[in-house]
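The structure appears below as structure tokens.
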Amino acid sequence: MLKNILRKYGDLFFSSFRLSACTFGGGFVIIPLMRKRFVQELGWIGEEEMLDLTAIAQAAPGAIAVNASMLIGYRVAGVPGALITVLGTVLPPLVIISVISLFYQAFRDHAVVNMVMAGMLCGVAAVIFDVVRGMIGTLLRQKRMLPAAVLCGAFLAVRFFSVHAAIILLVCGAVGAADAWYRDAAGKGSAKR
Amino acid sequence: MSILPDLFLTFAKIGLFTFGGGYAMLAIIENICVERRKWITHDEMMNITVIAESTPGPIAINCATFTGYKKAGFIGALAATLGMITPSFVIIFLISRCLDNILTWTVMANALKGVKIAVGLLILDAAFTMIKKMPGKKLQRTTMVCSCIAMLLIHLFAWNFSSISLMLAAAAVSLMIFIVSGAPDLKGGAGK
């Protein structure tokens, strides 16, 4: 019995450790790989449940990959499970970045390193634009006026009036909630949505 | 050392108030660690972004570790990383415990949709800031625009192309430019 529990903890730790150590890029890349490991290979989590976990991981604050691994650990083995998966997810970057930081002072003034870093920064910008394109694309595919209007308004507020990010988040959330409430009421009143 | 609790609390605050994962966090880390606390410089922040993107692991954790390490060595890295994950841990625990069906409330689900719009925008804004603050070298801006166009094309043709290969390609191109142009004026590099 005890042996089984220990083996489960071990599997949880090494699965999340390997996923974190071998995956480049953030949560959007790692979640499909987590599904492959925990749903298809180990069978510890159902396909439907995994979709729910993904949604919660994205909705909760913090890093998406960390949130997802916490949720999986919790579902599989309660609080100890969540602690184990978080440890497995955080350990590889902690060690890798610490080692890089150790040498950072030495190589950061090197001309070639600088040039390569500058080039890679362009790559990062492209990756970020791609993420945004994906997010806004799904938004516009709904073909509704309100999200597009909110998008434009928020863009103006951030870019030209430098409104604080937290306020933008709160207002957008409130608009979304009000929209749901309004459509709910309208749906009950007349038959058209 | 008195900076440890400070590191922990600052990153706990960042972890608690950022929705939408690592990319959305970049703008907020820049705002707090560079502009307000002056823990790191803008150029260091740009280098962290590059390093975080091109090493394995979540971007948020990579940034926290780097900043913590710079301020107080490995213990500092540990404090910042712990700060980053503690709020998520508490919130996820509460959600799993009490609000299992939180996503079935229409109002909640729609509020989250609204938040998602804002997140996309904040990420876009981070990218804009990055371009605006880039040292004024035509070469780099051109490279950046080209890689953005490349990314769009890749998407249009639905090629399977991971971000890490794009990073490697960008590194290779800038190395090539470096070799071809001999030793260009490096004051415009990302590290200076």
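Bear in mind these aren't lab numbers, they're just calculated from the coordinates by the rules spelled out. This one's a predicted model, so the numbers in the text were calculated from it and none came from an experiment. Virtual Cβ from ideal backbone geometry, glycine too; neighbours counted across all protein chains shown.
Classify the stretch B:3-133 as rounded, prolate or oblate from the Cα gyration tensor: take a ≥ b ≥ c as the square roots of its eigenvalues, call it rounded if a/c is under 1.5, otherwise prolate when a/b beats b/c and oblate if not. The partial results should precede the final answer.
Values: a/c = 2.34, a/b = 1.38, b/c = 1.70.
Oblate shape, in that a/c is at least 1.5 and b/c is the bigger or equal ratio.
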Inset, instruction - Arrange the following residues from fewest to most other Cβ atoms within 10 Å of their Cβ: A:GLU49, B:GLU35. - result: B:GLU35, A:GLU49
Legend entry - Selected from A:GLY173, A:GLY81, A:GLY62 as most flexible by GNM, with chain A as the system and alpha-carbon contacts under 10 Å: A:GLY173
Legend entry - Karplus-derived HN-Hα couplings along the stretch A:73-81 (A = 6.51, B = -1.76, C = 1.60, θ = phi - 60°), whole Hz, x at Gly and Pro: x, 5, 5, 7, 9, x, 4, x, x
Legend entry - Overall form of the stretch A:125-182 per C-alpha gyration tensor (a/c, 1.5; a/b vs b/c): oblate
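I'd like the per residue volume of the convex hull spanned by the Cα atoms of the stretch A:46-193, given in cubic angstrom.
Once divided by residue count, the hull of the stretch A:46-193 is 197 Å³.
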